[in-house]
1. For residue 87 and residue 6, compute 0.36 nm times the residue count separating them, minus their Cα-Cα distance, and round to one decimal in nm.
2. Over the stretch 5-104, what relative contact order in percent results from Cα pairs under 8 Å that are six or more residues apart?
3. Does the stretch 5-104 classify as rounded, prolate or oblate by the C-alpha gyration tensor (a ≥ b ≥ c root eigenvalues; a/c under 1.5 gives rounded; else a/b over b/c gives prolate, otherwise oblate)?
4. With each run of n ≥ 4 DSSP H residues scored as -39500 (n - 2.57), what mean residue ellipticity at 222 nm is computed for the chain after dividing by its residue count and rounding to the nearest 500 deg cm²/dmol?
5. Fewest Cβ neighbours within 10 Å first, please rank 48, 55 accordingly.
6. Relative to the present Cα-Cα distance, how much length would full extension add between residue 96 and residue 45 at 0.36 nm per residue of separation?
7. Quick one: if the Förster radius is 25 Å, what FRET efficiency do residue 20 and residue 71 give, using the C-beta to C-beta distance and rounding to 0.05?
8. Which order do the peptides 97-104, 64-71, 20-27 come out in when sorted by mean C-beta neighbours inside 10 angstrom, highest first?
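FYI, it's all coordinate maths here, none of it is from the lab. On a predicted model such as this, the values are computed, not experimentally measured, just so you know. Glycine also receives a Cβ, built like all others from the backbone with ideal geometry; neighbour counts cover every protein chain displayed.
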């Protein structure tokens, strides 16, 4: 069975959703940000590109769940900006999720022993659908 670009894109999107939420929480753990400054903080290394439209649904979800709080702050450079900061519940959840992510990353990056691989070499795996 050929794996399509559409299938791959769907999986990448799913993977990114949870990780981006955790990344947003990580940035807000250290200091408060408004939307655009949050995007800049997340993309400063250039390894990923994001738009504000990606961040605001995450912020809304975190706000709804009581994990961030927001406040309007007057700006010298234009209209007031809505700043977001992690709540104590958000900090606690970030700490817990970060540990879980570290465990999952170590599982993905683990160097699997060759013995198990060799035991199944050349054998096909039967998969039932349904």
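1. Stretched out fully, the residue 87 to residue 6 stretch lengthens by 25.4 nm.
2. Result for the stretch 5-104 is 28 percent.
3. It comes out oblate by the Cα gyration axes.
4. -19000 deg cm²/dmol
5. So the ranking, lowest neighbour count to highest, is 48, 55.
6. My answer for the length gained is 15.8 nm.
7. 0.65
8. In descending order of packing, they fall as 20-27, 64-71, 97-104.
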